[in-house]
Amino acid sequence: MGTDAIAVRQLWKYYGDYPALREITLDIAQGSCCALLGRNGAGKTTLLRILAGLSPYQQGEVNLFGQSPRGRGARRTAGFLGHGIGVYEDLTATENLAFFARVHGLSDVSATVARWLKRVGLERVAKMPVRQFSRGMRQRLALARAFQHAPQVLLLDEPFTSLDDKAIAMLSELLTEARLRGATIVLSTHQLREALAIASDVALIENGKLRYSGERTPEMLSDPALLYRLHTELGAD
Amino acid sequence: MNSFRQIWTVAAKDLAIEVRTKESINAAGAFSIAILLIFSFAFDPFSDSMHEFAGGLLWIAFAFAGALIFNRGFARELPNECLDALLSSPLSASSLVLGKALANFVMLIAVELISLFVFGIFYNINWVKHPWALAGTLALATWGIAVLGSVFGAMTVNLRLRELMLPVIIYPLLIPLLIGAIEFTTILLGVEPIASSDWLWPKLLLLYDVVFTAVSILLSDTILVN
């Protein structure tokens, strides 16, 4: 743990007149893994999209390593995996990874792509268009796309949702490796057990408000619903 | 990665997809040829006055065909939320828009070249009298159409009725460019020699290109993210 990788101050985000995020203040230390928890519509995706520089906000301040999320330096250090897999159906696995490697300015594109295709077990279908891939293969390609540039900040929106067993194991492995090299991880999820097992910190959002932020305690791990019972108006229902 | 490489990376990706699917080229090419074919029945291709309409016919076909290409440009980024993956990467929004414009430019030029051959056959017009001047006019006007189509393609990408909205928005803005392109192409395809005052038209096209390329660089981030 060290200095803050992500600093959010007094953040307000509106969709029209509706405040999707209300005065969020949150610090996430470098090298930590923060599980962003909350029910549907709580504001988790909105916060992640703001951190990824994909959504503007009306009030407050957001910094990734001291820079605005839209700054090129911040985007160079970040890796974002949203609800979509972010790869092109009409390109092959190799072409997809090579394209995003070039976009990220990686130096040895061919070697990086070959290494990641092998890593996610897609080397035998490297020349096949993604349109012909199974769901599991697409998910593994998406993981390679998000991780291949070794991002210092990983922003993952519901990363475990609709993953098959192989992809869940691969994602857990990649997240562990990312933490070992000092990357900061923010992941939103409904799957409390998986998230709390790898998280060092927890942030709970309800109706756009930050209800709790702090370290993940052993009590939370043994009773995942504890946070909801203690810190939300509706309890654990 | 410098901006030119970023622009080329985006353009090469779009062109690779287009070479594989041919969805824009086939539609735009067929549409352009159909327009020229229909007009060939409306006018007498062997009349002397045909030279006066030639530029207008060509650029109407090119501009309408262009809309089919531009509609696909950013729509290609919507499946699997590829646009989010791009906007959260170090790629600048202006490089993304200009990369799209470059890919659209190449596709539209291909459609124009095919259409010119068809035009020469249907309308009995020798379009290679001033090959370099015609190539320059095509390049300048097509870049203007491509960059405007890409900027507004980015603006309308999330609209439900983007296929309808994009032409409605861009055609009025294309009027100055199309006037310049039509006037100079008509001169190039005509029987009269080119007068020195005629070179005002390519200058107008160049000015239009510079203005809208600058606008796309300045406004891309606002358009795509805000």
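Any read-out appearing in this document is the output of simple, stated calculations on the displayed coordinates, not a laboratory observation. Everything numeric in this text was worked out from a predicted model, so none of it was measured. Cβ placement follows ideal geometry from the backbone for every residue including glycine, while neighbour counts extend to all protein chains displayed.
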| note | Spelling it out for residue A:11: with amide H atoms placed in the peptide plane at 1.01 Å from N, the residues 5 or more places away or on another chain with amide H under 5 Å from its amide H are A:23, A:24, A:25, A:61
| task | Whole Å is fine, so just give me how far the alpha carbon centre of the range B:166-205 lies from that of the range A:9-56. | result | 50 Å
| In degrees from 0 to 90, rounded to the nearest 10, what is the angle of the helix B:200-225 Cα long axis to the longest principal axis of chain B? | 20 degrees
| What residue among B:101, B:61, B:135 shows peak mean-square fluctuation when chain B is described by a Gaussian network model with Cα springs under 10 Å? | B:135
| task | In a Gaussian network model over chain A where Cα atoms closer than 10 Å are linked, find which of A:44, A:118, A:13 has the largest mean-square fluctuation. | result | A:118
| note | Taking every residue of A:74-83, the Cβ atoms of other protein chains inside 10 Å of its Cβ average out to 4
| remark: Most exposed to least, judged by fewest other Cβ atoms within 10 Å, A:109, B:215, A:130 sort to B:215, A:109, A:130
| query | Relative contact order of chain A: what whole-number percent is it, with Cα pairs under 8 angstrom and at least 6 residues apart? | reply | 26 percent
| query | How far is helix B:131-156 tilted, in degrees, relative to the longest principal axis of the Cα atoms in chain B, given as a value from 0 to 90 rounded to the nearest 10? | reply | 40 degrees
| query | So what's the angle, to the nearest 10 degrees on a 0 to 90 scale, between helix B:162-189 and the longest Cα principal axis of chain B? | reply | 40 degrees
| task | Within the range B:1-45, report the trypsin sites (Lys or Arg not before Pro) that DSSP leaves as loop and that have at most 16 other Cβ atoms within 10 Å. | result | B:22
| query | Cα-Cα over 32 Å: which of A:127/A:166; A:13/A:118; A:44/B:22; A:127/B:100? | reply | A:13/A:118; A:44/B:22
| remark: Debye calc, one equal point scatterer per Cα of the range B:3-225, no solvent, log10 I(q)/I(0) at q = 0.08, 0.19 1/Å comes to -0.29, -1.39
